[in-house]
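Below is one structure, written out as structure tokens; comments come after it.
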Amino acid sequence: MRMIPEAIDLVVVHLLEHNFLNETRFAKSYVRGKFRVKKWGRKRLELELKKREISKFNIKEAFKEIPDTDYLNTFHVLAEKKAANIKEPNVYKKRKKLADYLLYRGWESPLVYGKVHELIQ
């Protein structure tokens, strides 16, 4: 904004004092939003927060926003919906497509591979 350094410092201090710049609040809001809207798993969420240089403490605090039951229910619904939409006659290719989709969205490997073998026989 082409401001002098003293003005920048004053603005940043004001924003911090009035809780407009708050890393914890951002992390919690980010995790809640991306989980509910985009159905991202913890791995993807952690990666995206690390890209934004959010501290490990704040990442752990943000993950407390997602109850384990909601996390697992969302995973199961997402996996079943995607498995039903994959039109592939080859069982191995179908498993790979489902696994790749879930892993890309950041779900943990043991969850993904267990669900893939459960859904696609």
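Coordinate-derived values only; no laboratory data. What you see is a predicted model; the values in this text were computed from it and never measured. Backbone-built Cβ (ideal geometry, glycine too); neighbour counts: all protein chains shown.
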(message) In whole Hz and in residue order, list the ³J(HN,Hα) couplings for the stretch 13-21 that follow from phi through the Karplus curve 6.51 cos²θ - 1.76 cosθ + 1.60, θ = phi - 60°; x for Gly and Pro.
(response) 4, 4, 5, 5, 5, 9, 6, 7, 9
(request) Within 10 Å of each residue's Cβ, count the other Cβ atoms and sort 30, 104, 92 from fewest upward. (result) 92, 104, 30
(message) With a 10 Å cut-off between alpha carbons and a GNM built on the chain, which of 72, 16, 103 moves the most?
(response) 16
(request) State, to one decimal in nm, how far the label point of residue 29 lies from the label point of residue 15, with both points 7 Å from Cα in the Cβ direction. (result) 1.2 nm
(request) Within the set of other residues whose C-beta is less than 9 Å from the C-beta of residue 79, count the net charge using Lys and Arg as +1 and Asp and Glu as -1. (result) +1
(request) For residue 56 and residue 87, calculate 0.36 nm times their separation in residues minus their Cα-Cα distance, and state this gained length in nm to one decimal. (result) 7.1 nm
(message) Looking at the chain as a GNM with Cα springs under 10 Å, which of 88, 108, 46 has the largest mean-square fluctuation?
(response) 88
(message) Which of 12, 31, 91 ends up with the largest GNM mean-square fluctuation for the chain, with Cα atoms connected below 10 Å?
(response) 12
(request) Please give the net charge around residue 116, taking every other residue with its beta carbon less than 15 angstrom from that of residue 116, where Lys and Arg add +1 and Asp and Glu add -1. (result) +4
(request) Rounded to the nearest 500, what is the 222 nm mean residue ellipticity of the chain from helices alone, with -39500 (n - 2.57) per DSSP H run of 4+ residues and division by all residues? (result) -22000 deg cm²/dmol
(request) Can you tell me the relative contact order of the chain? Whole percent, Cα pairs under 8 Å, sequence separation 6 or more. (result) 28 percent
